[in-house]
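S.K.: Please find one structure pasted underneath; my questions will follow.
The values are calculated or read from the model by the stated rules, or taken from the named source; none is laboratory data. In this text, all values refer to a predicted model and were calculated from it rather than measured experimentally. Cβ sites come from the backbone with ideal geometry, for glycine too, and all protein chains shown count toward neighbours. Surface accessibility is based on the protein's heavy atoms, side chains included, excluding ligands, DNA and RNA. Shrake-Rupley method; radii C 1.70, N 1.55, O 1.52, S 1.80 Å.
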Amino acid sequence: MTNPASIGHIEVGGITRGAFLVRTALTAGALYGAGAAGPALTRALGHGANGAFSGGDVGIVNFALTLEKIEADFYKRALAVKGLKPGLTKLLQSIALNETEHVNALTQSLQLLGAKPGPPPKTKLPALKTQADVLRVAIQLEDTGVSAYNGAATQIQSADLLQVAASIAQVEGRHAGALREFAGQFPSAGPFDKVLSGAQADAAAHRLGA
């Protein structure tokens, strides 16, 4: 019996640092729970000696943009899955529009910083065969997004950029809550995100051959 689709099955290619960090976050989420991906970034990739989120605000925005592009690609493919209930289709369409707008906003933010977006990530998503697959991966992706923005927020220098990141993070959290409710779950996974130890975060990164 194969394992159900999850964010651990998402493959992110490309040479950008943002793509690598996103892949590491997704690996951490698969290993220790989706809510752990953000602390993995914060501890192992954000505040520690590994020095991720390097490049200041430009690096952070490029990282966020990579994640948003992965989410936008996921929802495009999720909407093609047959057998989705009409209510879920409507919800996914609304979220997909939000993710596209996030991509546009972060792209504009990079332009205002005098930078250009990195190349789009080459994403290989897990097989989405059922509504349950779609909900499972969508919830995990949204949880990862919230946690990643929380970790990045402490590193952002620009007040305007922090406002953009915070507003996106709140919407990502609402996405996760709405998806959980549709799946028959409580809207919030818990009062706080899970926190990885340094050893767990290192293990997640080494799973990628880092």
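S.K.: Leaving ligands and nucleic acids out of the surface, order S109, S188 by accessible area at 1.4 Å, largest first.
M.R.: Result, largest first: S188, S109.
S.K.: Rounded, prolate or oblate: pick one for segment 67-132, where a ≥ b ≥ c are the square roots of the eigenvalues of its C-alpha gyration tensor, a/c under 1.5 means rounded, and failing that, prolate if a/b is larger than b/c, else oblate.
M.R.: Cα axes put segment 67-132 in the oblate bin.
S.K.: Which length gain, in nm to one decimal place, applies between K90 and L112 when the Cα-Cα distance is subtracted from 0.36 nm times their residue separation?
M.R.: Extra length from K90 to L112 when fully extended: 4.6 nm.
S.K.: Would segment 96-135 count as rounded, prolate or oblate if I go by the C-alpha gyration tensor, calling it rounded below 1.5 in a/c and otherwise prolate when a/b exceeds b/c, oblate otherwise?
M.R.: Oblate shape, in that a/c is at least 1.5 and b/c is the bigger or equal ratio.
S.K.: Net charge near E99, counting Lys/Arg +1 and Asp/Glu -1 over other residues with Cβ under 14 Å of its Cβ?
M.R.: Its environment carries a net charge of -2.
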